[in-house]
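Notes to accompany the following structure.
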Amino acid sequence: MKEKLPISVCILVLNEEDRLERCLAGLDDFAEIVVLDSGSTDRSLEICRSRGAVVHQEEWLGFGRMRRRLFSLASQPWIFWLDADEVVRRELADEIRKVFARPVDCDAFEINRMVFFAGRWIRHGEWFPDWNVRLFRRDRWEMEPREVHESVTIRGRTGRLREYLEHHTYRDWNDRERRLRRYAELWARQKAAEGKRASPLSGPLRSGWRFFRGYLLRRGFLDGSAGFEIALSNAREVALKYRLLRKYGNND
C-alpha cells in the first residue's frame, strides 16, 4: 500500500449528494479529508463519512469565513482546497505524488481547472485556463473574509502543476442562472460595502467587453454554440453585477 500524502483535502459541503461520490473517489492518496457542512438535508454527510472523511457542521457564515474555518480544521502540513463539484484526476494525483517524493521547494501550487458543461469540455474563453492556488502549506496562507470570489494569499513561493482538476461546475443552464444571480448579488453588496460605485455606462461597457474578450480574444468560438452561450452568459452576469451595484452603492 502506498504511503498517504501529508495533505488535508478540505471541502465545503451543502446538499451535494449527486456530486460527492465522484469527488471523493479520487482522494485515496491523501492522508485526511476534512468536510465542513452547513446544514445538508440529503445524503451528503452519510457519503462523506462512508469515505472516511472527518465531518464538522456549522451554520453558514459566508464563503470567506467558512473557508477559513474549514482550513483551520486541517491536521496535515499541507492543505488541498477542493470543491464538491471538482474531481482529482488520476494524472493529477500522480503528479502531486511525484512532487512530494522529494523535498518541496515552494509553499503553494496553482492548479488549472477545466469545466465540463453542456455536454462537453470547455477549452477556451473565460472559463479556461482557470488557474487557482489550491495546494499550500498549512502555515503559509491568508484569506480575507470575502462573501464571494474568495482566494488565498501565500507567504512564499508559488509553483504550478501541469495536470488539471475536472470542474463540473453547473448542473445545467438553470443552475447556472440561479448561481449567477446569487453571486452577482453577493458581489454587488460586497463592493458597495467597500465604497465602490457604478455609473450608468459601467454595466453596458464592461459586459460588452467581457463578451468580446471571452468569445473573440480568448477564442470562445472554438467551443461552438456552447462557447457563444457561455460568453453571452458571462456578459449578462457582468451587466447584472453593475446594475445591482448601482442599486446598493449609489443609494447612500
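The values are calculated or read from the model by the stated rules, or taken from the named source; none is laboratory data. As the structure is a computational prediction, the values presented were derived from the model and not from experiment. For neighbour counting, all protein chains shown are included, and Cβ atoms are generated from backbone atoms with ideal geometry for every residue, glycine included.
The residue of the range 94-117 that is farthest from the chain's Cα centre (by Cα), among those that are under 19 Å from Arg171 (Cα atoms) and buried (at least 18 other Cβ atoms within 10 Å of the Cβ), is Phe117. For the range 234-252, taking the residues that are at pLDDT below 95 and polar (S, T, N, Q), the one that is nearest to the chain's Cα centre (by Cα) is identified as Asn250.
Summed over the range 160-174, residues that are surrounded by fewer than 14 Cβ atoms within 10 Å (Cβ to Cβ) and under 17 Å from Arg113 (Cβ atoms) total 2. Checking each residue in the range 111-159 for being in contact with a Gly (Cβ under 9 Å, 6 or more places away or on another chain), outside any loop (DSSP other than H, G, I, E, B) and within 25 Å of Glu194 (Cβ to Cβ) picks out only Glu126.
Here Trp187 passes the criteria (1) assigned to a helix (DSSP H, G or I); (2) in contact with a strand residue (DSSP E or B) (Cβ under 6 Å, 6 or more places away or on another chain) except the one numbered (2).
Going through (1) without any contact (Cβ under 8 Å) to a residue 24 or more places away in the chain; (2) buried (at least 16 other Cβ atoms within 10 Å of the Cβ) one by one, Ile79 falls short only on (1).
For the range 222-252, a residue qualifies if it is without any contact (Cβ under 8 Å) to a residue 40 or more places away in the chain and among the hydrophobic types (A, V, I, L, M, F, W, C), and the qualifying residues are Phe228, Leu232, Ala235, Val238, Ala239. Only one of Tyr164, Tyr215, Tyr170 is part of a helix (DSSP H, G or I) and among the aromatic types (Phe, Trp, Tyr); which? Just one listed residue meets the conditions, Tyr215.
Against the test of being at pLDDT below 95, outside the structural domain of Gly119 (by TED's automatic domain parsing), of a type outside the set (D, E, K, R) and in contact with a helix residue (DSSP H, G or I) (Cβ under 8 Å, 6 or more places away or on another chain), the options Ala231, Ala198 yield a single qualifying residue, Ala198. Looking only at residues of the range 43-69 that are of a type in the set (D, E, K, R) and in a helix (DSSP H, G or I), we find that the one that is modelled with the lowest pLDDT is Arg65. All but one of (1) within 24 Å of Gly62 (Cβ to Cβ); (2) buried (at least 16 other Cβ atoms within 10 Å of the Cβ); (3) of a type outside the set (Lys, Arg) hold for Glu142; which doesn't? It fails just one condition, (2).
Taking (1) closer than 22 Å to His149 by Cα; (2) exposed (fewer than 15 other Cβ atoms within 10 Å of the Cβ); (3) at pLDDT 95 or above in turn, Arg213 satisfies each apart from (2). Among residues that are charged (D, E, K, R), farther than 27 Å from Ser75 by Cβ and not in a strand (DSSP E or B), Arg197 is included.
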